[in-house]
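Please treat every number below as a calculation from the coordinates, not as lab data. Since the model is a prediction, treat every value here as computed from it, not as a measurement. Don't worry about glycine lacking a Cβ; one is built from the backbone with ideal geometry, like all the others, and counts go over all protein chains shown.
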Amino acid sequence: MNNPFSPKLKTLPKMTSGRIALWQAMTVLGYKKQYHEITVKELCKTAYIARSTFYLTYKNIDELLMDMEDYHLRQLIPIYDVYVKTNYLNRQDHFCSDTIRYIQENRKVFYLFLVQQPNMRFIQKWKILIKYCLWENLKKDDTSGALTPQEELLFEMISGEIVTAHGILLKYTQEETVEDLKKVLNEGLCFFGKMYTLINTGQNAQ
C-alpha cells in the first residue's frame, strides 16, 4: 500500500538573489500586516527589486507564500528521514533537537507562520509531512498499511502536538524555559510512543 500521507510539496527551482530578496521582504511585511493586504508594489519596494522581476518568478503573492512554505518543510525531510524512519519511538530527543535547531536558524519565518500570523495551509502541510514519516516508520511493513481508527487518532494527536509545541517554543527565548519546554515535548512524544505500542499489543492479542 502506498503511503496515504504523501506530502504535496513543490520542488523549487534554483534559488536566486531575487527570490531570496522577495522572501525576506515578505517576512518583514508579514509582521506588519495581513498576507492579503500585502501588494506586489510594496513587496518589490521592500525587496529593492523591479515588479517585472517579481512577475518573472511568481504569478501572485500567494504563489510566493507557497514557495516559502514548501521550501522550509522540505528542509525538515532529511531530519525526519534520519530520526523518524529509523526508530522514532526511542529517539524523540534527537528528533526534537534537530528540528528545533533548524527552526531557530529560520526563526523569523517560523514565528511568522506559527505565531505572528498563523498560516493554516503551512500548518496542515507540516502535519501531513509528520504523518507521512510516522506511517513510513510504523506502518510501511504492515500488510494492509491502513490505519485503525485508534492509530488515525494517535497520528493526528502526534502531528498536532509537534506543530503546536514548536509554536509555543518560538514564543520564548530564555534558555532555561526553552529547555523545560523541550523536556515536556519529549515526554509527550514518549507517551504517544507508548500509546502506539499499547494499542497494537492489544490488537494483536485479540
For the chain, with +1 on Lys and Arg beta carbons and -1 on Asp and Glu, the positive-most of TYR172, SER159, GLN117 along the dipole: GLN117
Under 22 Å from the Cα of LYS140 - lysines, other chains or at least 8 residues apart: LYS8, LYS85, LYS125, LYS127, LYS131, LYS194
Computed magnitude of the charge dipole of the range 13-58 (debye, nearest 20; Cβ of K, R +1, Cβ of D, E -1): 60 debye
Environment charge at THR39 (Cβ cut-off 14 Å; Lys +1, Arg +1, Asp -1, Glu -1): +2
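Suppose R0 equals 22 Å; then what is the FRET efficiency for THR143 and CYS190 from their Cβ-Cβ distance, rounded to the nearest 0.05?
Between THR143 and CYS190 the formula returns 0.20.
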FRET efficiency estimate (nearest 0.05) - Cβ-Cβ, ASP98 to GLN24, R0 25 angstrom: 0.55
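List the relative contact order of the chain as a percent without decimals, with contacts defined as Cα pairs under 8 Å and 6+ residues apart. Provide the component values of the computation, followed by the final result.
Values: 164 pairs, mean separation 54.4, N = 206.
Over the chain, the number comes to 26 percent.
Quick one: putting +1 on the C-beta of Lys and Arg, -1 on the C-beta of Asp and Glu, what dipole do you get for the range 68-205 around its Cα centre, in Debye to the nearest 20?
Values: 16 positive and 18 negative charges, 58 e Å.
Its charge dipole is roughly 280 debye.
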Separation of the GLU175 and VAL82 label points, Cα + 7 Å toward Cβ, nm: 2.2 nm
Label corresponding to Cα extents along the principal axes in Å when calculated from the structure given, among (i) 63, 47, 24; (ii) 66, 43, 26; (iii) 59, 41, 29: (ii)
